[in-house]
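Everything on this sheet refers to the single structure shown next.
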Amino acid sequence: MPEAPKKSFKATGHDYCLAEKNKKALQFIEDVTTNADQVQKRVLAEILTRNARVEYLHRHGLGGHTDRDTFKKLMPVITYEDLQPDITRIANGDTSLILCSNPISEFLTSSGTSGGERKLMPTIEEELERRSLLYSLLMPVMSQSVQGLEKGKGMYFLFIKSEAKTPGGLVARPVLTSYYKSSHFRERPYDPYTNYTSPNETILCPDSYQSMYSQMLCGLVQNKEVLRVGAVFASGFIRAIRFLEKHWTLLCRDIRTGTIDPQITDPSVREAVMRVLKPDPKLADFVEGECRKESWQGIITRLWPNTKYVDVIVTGTMSQYIPTLDYYSNGLPLVCTMYASSECYFGVNLNPLCKPSEVSYTLIPTMAYFEFLPVHRNNGTNSISVPKSLNDKEQQDLVDLVDVKLGQEYELVVTTYAGLYRYRVGDVLRVAGFKNKAPQFNFVCRKNVVLSIDSDKTDEVELQAAVKNAVNHLMPFGATLTEYTSYADTTTIPGHYVLYWELSLKGSTPIPPSVFEDCCLTLEESLNSVYRQGRVSDKSIGPLEMKIVESGTFDKLMDYAISLGASINQYKTPRCVKFAPIIELLNSRVVSNYFSPKCPKWIPGHKQWCNKN
Ligand code: AMP
């Protein structure tokens, strides 16, 4: 992820001294990780002092105490559902001090959902500073491993998403949309590390086609200057390559003539692109020559020959894209720089050139107060078990940042400046090492998520409910669903969900293909709003596919799992599969397949709100 302007580490005076600025940022990391516990204590005291009068803390009897022990004794460890009534009040316009003494400036809409809708995370103005601070650490860290990055540009594909207004008038939008629209990003002072090929106007264009087209055009035009490429998530970067595959003829024509395709109608985008676009027939020939070749292997290094690395998140579910990225980039380093969320920005990767499988994030102790709930693996199934709600004893099991144990897995719990107290983020992390006193974590997984293509996160319960709705279409035909499982197929671009269904056909009437297509659409309509947004607006997820398998397939699946050591007594059909031999087994028994015939319904904002004009 690209970094922000360095407000906090801006060199003073007129002399711009990059080395000095980098040194300061690295020294900051040294300091806060060395004094991690003291910093955490101070952060908690600060949060509790300034919010001493808020209703939520009073409700739990904290009464102005700011010490860790009282906080831990009195405050419950919560999930979003516990907070929902308070969030709804704020969304409806209640401006009393409910969670935070600073005014809530907006809601950040998380890709995690509750009741099918995005979670709303309250935030305050000053959190932008904290996010900027974390961004400002990334390039100083990176420049320790790769020299000379200040001599060229970054080609990052960055996008904003639609926003809505709550009934009470607060804006609700994803955290990156909020950040790119903020003055921290738009009015960043010149800095060689925030020198991107994409002009701000192209990033801030709400039309995703025009935004992508203009960013790609600017990236191609400046191809020799590009030293690093990226997007936030791996899926987004691959989508950009796919876009190039589809639209290179138009792009080359624009490069040749120095004009912009008329489909790009946004005047500010046209103007910004014209600042970098000059007729360049030689470059157009070169790009055309490369794109025309049958193989696109190494297309990144071919078109942007000075690229040193690909900056995208490939940890967590994004690891499914590593082979595709390796193919397109000819094995350039894949660099995961940071770990963040709508709730809070957490940490940075201090060893950015490490292998994706070894990435660990050092939590920055000034960002929030962090606690860790130990996670246990079930013997036998190796699945992760974390209680849904915690009893008193379990609430006491949470450990502080500096007390986590090497190799142990934990669920992350945060207390933020914006008014979340002991909030379970839902991510499972494993301690991989320490930077001074601060732990470094591998990202293990997001709890319960079974399917994910882009920023969508579908859990088993949502999938089950969607399947239940869809099977209704089969009832008139006397067919019932015996078993099902699912798979996130990322071999297509964009990727798509696949459901494997085994049916028991009792009726004599054959089921027409249109009925299975209706099942696909109903599945999509039943999935959460982040999924549907990905299908409709971002086009980051392809149509859902259903594969009907011959009867007996799921018995074979069980036999196979048992042959690998699963216990017969404990065997449960997995509701999502990832292991290649199992997918092969399923695919070898497919009798027919169907796709969702159209996009599901989706509107910006929560169902019940009116949209912002
Ligand atoms: P959101 O709240 O929509 O911004 O999503 C935040 C979530 O995305 C986190 O809680 C993680 O589950 C996931 N995420 C963010 N950064 C990373 C990363 N570097 N590696 C893996 N997962 C990540």
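Quick look at the numbers
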| read-out | value |
| --- | --- |
| Tally, over the range 222-264, of residues that are aromatic (Phe, Trp, Tyr) and in contact with a Leu (Cβ under 8 Å, 6 or more places away or on another chain) | 1 |
| ARG42 being surrounded by 14 or more Cβ atoms within 10 Å (Cβ to Cβ) and either within 29 Å of the chain's Cα centre (by Cα) or at pLDDT 95 or above (or both) | yes |
| Residue in the range 136-144 that is away from the ligand (no atom under 16 Å from the Cβ) and closer than 28 Å to SER537 by Cα present | no |
| Of the criteria (1) more than 14 Å from the ligand (Cβ to nearest atom); (2) in a strand (DSSP E or B); (3) touching a Ser or Thr at 6+ places or on another chain (Cβ under 7 Å), which one VAL431 fails | (3) |
| Residue under evaluation TYR179, criteria (1) in contact with a Cys (Cβ under 9 Å, 6 or more places away or on another chain); (2) open to solvent by less than 10 Å² (accessible area, probe 1.4 Å), criterion not met | (1) |
| Pick from the range 537-569, criterion within 23 Å of LEU481 (Cβ to Cβ) and polar (S, T, N, Q), ranking: surrounded by the most Cβ atoms within 10 Å (Cβ to Cβ) | THR553 |
| Of all residues in the range 342-362 being under 21 Å from ALA36 (Cα atoms) and either away from the ligand (no atom under 12 Å from the Cβ) or hydroxyl-bearing (Ser, Thr, Tyr) (or both), the one that is nearest to the chain's Cα centre (by Cα) | TYR345 |
| Residue that is farthest from the ligand (Cβ to nearest atom) [pool: residues in the range 92-109 that are open to solvent by less than 30 Å² (accessible area, probe 1.4 Å), within 24 Å of the chain's Cα centre (by Cα) and closer than 27 Å to THR49 by Cβ] | GLU106 |
| Helices (runs of 4 or more DSSP H) lying entirely in the range 127-224 (those with 3 or more residues that are of a type in the set (A, V, I, L, M)) | 127-145, 208-221 |
| Residue under evaluation SER385, criteria (1) in contact with a Phe, Trp or Tyr (Cβ under 7 Å, 6 or more places away or on another chain); (2) surrounded by fewer than 21 Cβ atoms within 10 Å (Cβ to Cβ), criterion not met | (1) |
| Residue count, the range 110-127 (criterion: open to solvent by 20 Å² or more (accessible area, probe 1.4 Å) and within 10 Å of the ligand (Cβ to nearest atom)) | 4 |
| Test: residue in the range 132-143 that is within 30 Å of LEU217 (Cβ to Cβ), within 18 Å of the chain's Cα centre (by Cα) and open to solvent by 40 Å² or more (accessible area, probe 1.4 Å) | no |
| The range 446-467, subset among the hydrophobic types (A, V, I, L, M, F, W, C) and buried (at least 17 other Cβ atoms within 10 Å of the Cβ), residue nearest to the ligand (Cβ to nearest atom) | VAL449 |
| Test: residue in the range 274-288 that is within 16 Å of the ligand (Cβ to nearest atom) and charged (D, E, K, R) | no |
| Top-ranked residue in the range 411-428 [being among the β-branched types (Val, Ile, Thr) and assigned to a strand (DSSP E or B); ranked as nearest to LEU44 (Cα to Cα)] | THR415 |
| Qualifying position, being at pLDDT 95 or above, away from the ligand (no atom under 16 Å from the Cβ) and under 30 Å from ASP94 (Cα atoms), among LEU170, LEU176 | LEU170 |
| Positions within the range 214-262 being within 17 Å of ASP311 (Cβ to Cβ), buried (at least 21 other Cβ atoms within 10 Å of the Cβ) and of a type in the set (D, E, K, R), in sequence order | ARG228, ARG239 |
| Residue match in the range 389-408 (condition: within 30 Å of LEU128 (Cα to Cα), at pLDDT 95 or above, more than 13 Å from the ligand (Cβ to nearest atom) and open to solvent by 60 Å² or more (accessible area, probe 1.4 Å)) | yes |
| Elements of type strands (runs of 3 or more DSSP E) in the range 437-556, at least 2 residues being within 17 Å of the chain's Cα centre (by Cα) | 438-446, 449-451 |
| Options TYR484, TYR421, TYR497; residue that is within 30 Å of GLU55 (Cβ to Cβ) and away from the ligand (no atom under 16 Å from the Cβ) | TYR421 |
| Residue match in the range 573-594 (condition: open to solvent by less than 30 Å² (accessible area, probe 1.4 Å), of a type in the set (Asp, Glu) and within 22 Å of LEU481 (Cα to Cα)) | no |
| Flag if LEU406 is farther than 17 Å from GLN38 by Cα, in contact with a strand residue (DSSP E or B) (Cβ under 6 Å, 6 or more places away or on another chain), part of a loop (DSSP other than H, G, I, E, B) and hydrophobic (A, V, I, L, M, F, W, C) | yes |
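The values are calculated or read from the model by the stated rules, or taken from the named source; none is laboratory data. Keep in mind that what you see is a predicted model, and the values were worked out from it rather than measured. We place every Cβ from the backbone using ideal geometry, glycine too, and count neighbours over all the protein chains shown. Quick note on the areas: whole protein, heavy atoms, side chains included, nothing else; ligands and nucleic acids left out. Shrake-Rupley method; radii C 1.70, N 1.55, O 1.52, S 1.80 Å.
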